[in-house]
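The values are calculated or read from the model by the stated rules, or taken from the named source; none is laboratory data. If you're wondering where the values come from, they're calculated on a predicted model, not measured in any experiment. Reconstructed Cβ throughout: ideal geometry from the backbone, glycine too, with neighbour counts over all protein chains shown. Each accessible area value is taken on the protein alone, full model and side chains, heavy atoms only, with ligands, DNA and RNA left out. Shrake-Rupley method; radii C 1.70, N 1.55, O 1.52, S 1.80 Å.
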Amino acid sequence: MYTPEHIPAHPPPKLLDRLRHACRVRHYSIRTEDAYHDWARRFILFHSKRHPNEMAEREVNEFLTDLAVNGHVAASTQNQALCALLFLYEHVLDQPLDRIEGVIRANRPKRLPVVLSKREVHAVLDQLEGSYRLIGHLLYGAGLRLLEALRLRIKDLDFERGEITVREGKGDKDRHTMLPATLQPELRDHLAAVRRLHDKDLAAGFGAVFLPHALERKLPGTERQWKWQYVFPSSSLSVDPRSGVKRRHHAHEAAVSREITLAVRRSGIDKRATSHSFRHSFATHLLEAGYDIRTVQELLGHADVSTTMIYTHVLNKGGKGVKSPLDL
């Protein structure tokens, strides 16, 4: 018989597992959790596998500087690495860092967004098929970011008001935007097919979907309700990496991005357009139509109107609306 001193103790969780746990208790997205985990691992490997407990501001500075000088990363990438390490030290190691000074910052070049003309938008959309075509229409017709479109739930569509509610958009903010009237018949047909897929999943013992804010625990059974299902579900069931539950998630953003890139190529348009170009085009075309910039700001969900003002520099009027002397 084992006495307490003979019972083997469970080893303490590893540092990177503690980091994941700290992200989850704060309801960070799985993408942020994966990114923070990867940056912490890279930081440790960069310093020859030294434990972060043995390091501080100087080592963080060296790592961030190397990213800019030798890694040639973008400024946003370097900033994400800094956020991950600040989180690691403050919330996992309980050793908040002082100011990180002297870091060689990655350049943040000023780029104008790639905007398609109305003809080019329709040329690209004509190259898309099925649900990809519908997603493309929503990106342009409602000014949605790609993940905002893919994370839409049935309850977020209001056909009567012609309105879409974007939940937990960038900055964890909700907002309203329009549901294009011309898209509603096609969208209703799409939802009828999604409903049949959901009924099939229910009959097979599945049909659950991921719910935010622990609603699955607070309101048992909600995860199988129709209104909580994704508008654009994945074609296959998958295992949730956090809960281990097998269910149907939304369509993967990489697959949609790839289809849009191929559609741009097939359309013959010589612009470096992506899925986000539809959102840029949405804003620019509204401003061209004479809509107030504050209205466009609210539809896009920008916190500051200065962010929206970048589209005033790409209006379809040539060089800032000035006529070339050759044309006079």
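Observations on the model:
- Residue among Ile260, Ile293, Ile310 that alone is touching a residue at least 40 places away in the same chain (Cβ under 8 Å), of a type outside the set (Phe, Trp, Tyr) and more than 28 Å from Arg195 (Cα to Cα): Ile310
- Screening Val103 on (1) hydrophobic (A, V, I, L, M, F, W, C); (2) closer than 30 Å to Phe232 by Cα; (3) modelled with pLDDT under 90 shows it passes everything except condition (2).
- Filtered residue count, region 129-145, keeping only those that are in contact (Cβ under 8 Å) with a residue 12 or more places away in the chain and surrounded by fewer than 22 Cβ atoms within 10 Å (Cβ to Cβ): 6
- Ala193 being open to solvent by 50 Å² or more (accessible area, probe 1.4 Å), hydrophobic (A, V, I, L, M, F, W, C) and either in contact (Cβ under 8 Å) with a residue 12 or more places away in the chain or closer than 24 Å to Ser236 by Cβ (or both): no
- Restricting region 28-57 to residues that are in a loop (DSSP other than H, G, I, E, B) and under 17 Å from Leu93 (Cα atoms) leaves a set whose member that is least open to solvent (accessible area, probe 1.4 Å) is Met55.
- Some residue of region 85-94 being open to solvent by 50 Å² or more (accessible area, probe 1.4 Å), in contact with a helix residue (DSSP H, G or I) (Cβ under 9 Å, 6 or more places away or on another chain) and either touching a residue at least 12 places away in the same chain (Cβ under 8 Å) or aliphatic (A, V, I, L, M) (or both): yes
- Within region 47-80, the only residue that satisfies the criterion of being free of Cβ contacts under 8 Å to residues at least 24 places away in the same chain and in contact with an Asp or Glu (Cβ under 7 Å, 6 or more places away or on another chain) is His47.
- Selection from region 212-226 of residues that are touching a residue at least 24 places away in the same chain (Cβ under 8 Å) and part of a loop (DSSP other than H, G, I, E, B): Pro212, His213
- Members of region 108-128 found to be open to solvent by less than 10 Å² (accessible area, probe 1.4 Å) and part of a loop (DSSP other than H, G, I, E, B), listed by number: Leu116, Leu128
- Residue that is among the β-branched types (Val, Ile, Thr), more than 18 Å from the chain's Cα centre (by Cα) and open to solvent by less than 70 Å² (accessible area, probe 1.4 Å), where the choices are Val60, Val25: Val60
- Of the helices (runs of 4 or more DSSP H) entirely within region 227-320, those holding at least 1 residues that are under 23 Å from His122 (Cα atoms) and open to solvent by 70 Å² or more (accessible area, probe 1.4 Å) occupy 253-267, 275-288.
- Boolean, Arg105 is free of Cβ contacts under 8 Å to residues at least 40 places away in the same chain, closer than 26 Å to Val25 by Cβ, open to solvent by 80 Å² or more (accessible area, probe 1.4 Å) and within 28 Å of the chain's Cα centre (by Cα): no
- Cβ pairs under 7 Å, 6+ apart, first in region 13-39 and in contact (Cβ under 8 Å) with a residue 12 or more places away in the chain, second of a type in the set (Asp, Glu) and assigned to a helix (DSSP H, G or I): Arg20/Glu33; Cys23/Glu33; Arg24/Glu33
- Between Glu62, Glu57, the distinction of being among the acidic types (Asp, Glu) and in contact with a Leu (Cβ under 8 Å, 6 or more places away or on another chain) belongs to Glu57 only.
- Any pair with Cβ under 6 angstrom, 6 or more apart, that starts in region 115-128 at a residue that is in contact (Cβ under 8 Å) with a residue 60 or more places away in the chain and ends at one that is surrounded by 14 or more Cβ atoms within 10 Å (Cβ to Cβ) and among the aromatic types (Phe, Trp, Tyr): Val121/Tyr140
- Yes/no for Val209 being part of a helix (DSSP H, G or I), on the phi < 0 side of the Ramachandran plot, open to solvent by less than 60 Å² (accessible area, probe 1.4 Å) and touching a strand residue (DSSP E or B) at 6+ places or on another chain (Cβ under 7 Å): no
- Test for Ala75: is it in contact with a Gly (Cβ under 9 Å, 6 or more places away or on another chain), farther than 19 Å from Cys23 by Cβ and open to solvent by less than 70 Å² (accessible area, probe 1.4 Å): no
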